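Read the figures in this text as sums done on the coordinates, not as results from a lab. For clarity, every value in this text was computed on a predicted model and none was experimentally measured. When we count neighbours, we look across all protein chains shown, and the Cβ atoms used for this are built from the backbone with ideal geometry, even at glycine.
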Amino acid sequence: MYFDSLQGLLMMNGHGMYVWSAYLAAIAIIMTLLVVPMRRRARLLQQLAREANGSEDKTVGNARVEQ
Amino acid sequence: MWTFFHKLGSPPWLYAIAGTILRWLVPITLIALVAGMIWGLLFTPPDFRQGDSYRIIYIHVPAAVVALAGYYVMAIAGAISLIWRMKMADVVMRAAAPVGAALTFIALLTGAIWGKPTWGTWWVWDARITSMLILLFLYLGVVALYESFDNKEAAGKACAVLSLVGMVNIPIVYKSVDWWYSLHQPASIKFTGESTIDPSMLYPLLLMIAAFYALFTCCLLMNIRAELLQRESRTQWVKKIASEKGAD
């Protein structure tokens, strides 16, 4: 490891604020990039599953009416 | 070969194969990103002129490289959807745009943060930086244009045309550091001739570039899967997947 103390790693000889803020911002954006499509897909599947159940119930209801 | 193209046009097949690839690629990408960041932050020597601020290179350059490569993906997919009316190409184009925009934004943001200690300013209207800003607007333009149409077929066409016209910007980004006198340094890594970067800094940088390519692929495939579910929500294969999920 290049730095000999945690302090040195955080400070980076005065450049720490720049380096760490750049890395943290990049990590936050990367995480968002990965999470957004995952959540979108999960939400769609949930919605479709609910719709499928809903329409099944309706056909049952209609069938009763026809009787 | 033709059966491959035939399959590529099939939404359920594309959905399934993307899922299989993602199961492997997402963990590999995350490991490579974490390893590359730790390597770049902890185990590389500081630059003799810039000190430690240069460590931003390990995200700045990969994000910029892949943002440009992503534009090819988007524009080529746009061209295919225009010429051959391939619906899956339209899906790919739409999936690529937000990922490219985010990567371009990372490149610009980290560039600004790097510029402050190195050049003494957050921002200059320099050729490289301005052309990257235009790249960001092109990506965002495609996202916004798609949303602005109610007719999604017309939206796809308009976005394809915009992304193809925007291709003009790509060689300008590449060549801007050679054509104009600029604060931005020219490329350090060259395919022909010797790179002007020490191997101790080159290897973690190459790892990060590979990791960002993998990241782009992951996000692209994930967006494609979500987009496919939405577009095909009335079809049997999607209903089957949804009911299997609902049964869990």
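A straight chain from B:Lys240 to B:Phe48 at 0.36 nm per residue would run longer than the Cα-Cα distance by 63.1 nm. Placing +1 on the Cβ of every Lys and Arg and -1 on the Cβ of every Asp and Glu, with no other charges, gives the protein assembly as shown a dipole of roughly 780 debye about its Cα centre.
If you run the Gaussian network model on chain B, springs between alpha carbon atoms under 10 Å, then out of B:Arg55, B:Arg225, B:Arg85 the most flexible one is B:Arg85. Note on chain B: GNM, Cα springs under 10 Å; of B:Pro117, B:Pro12, B:Pro62, the largest mean-square fluctuation is that of B:Pro117. Peptide B:39-46 shows a mean partner chain C-beta count of 3 within 10 Å per residue C-beta. Put in order of Cβ neighbour count within 10 Å, fewest first, the listed residues B:Ser148, B:Ser81, B:Ser233, B:Ser163 become B:Ser148, B:Ser233, B:Ser81, B:Ser163. Phi angles across the range B:68-81 convert, under the Karplus curve 6.51 cos²θ - 1.76 cosθ + 1.60 with θ = phi - 60°, into 3J(HN,Hα) values of 6, 4, x, 5, 4, 4, 5, 5, 5, 4, x, 4, 4, 6 Hz, Gly and Pro given as x. Helix B:236-247 and the longest principal axis of the C-alpha atoms of chain B enclose an angle of approximately 80°. In the protein assembly as shown, the calculated helix contribution to ellipticity at 222 nm averages -27500 deg cm²/dmol per residue, counting -39,500 (n - 2.57) for every DSSP H run with n ≥ 4. Relative to the longest principal axis of the C-alpha atoms of chain B, give the angle of the C-alpha long axis of helix B:127-148, reported between 0 and 90° and rounded to the nearest 10°. Helix B:127-148 and the main axis of chain B meet at about 20 degrees.
Among B:Thr110, B:Thr235, what is the fewest-to-most ranking by other Cβ atoms within 10 Å?
Numbers: B:Thr110 26, B:Thr235 13.
The most exposed by this proxy come first: B:Thr235, B:Thr110.
Annotated for chain B: lysine pairs at least 8 residues apart or interchain, Cα distance under 15 Å, count 4. Taking the longest Cα principal axis of chain B as reference, the axis of helix B:199-231 is set at about 20 degrees. Estimated from the Cβ-Cβ distance and a Förster radius of 41 angstrom, the FRET efficiency linking B:Phe149 and B:Thr20 is about 0.80.
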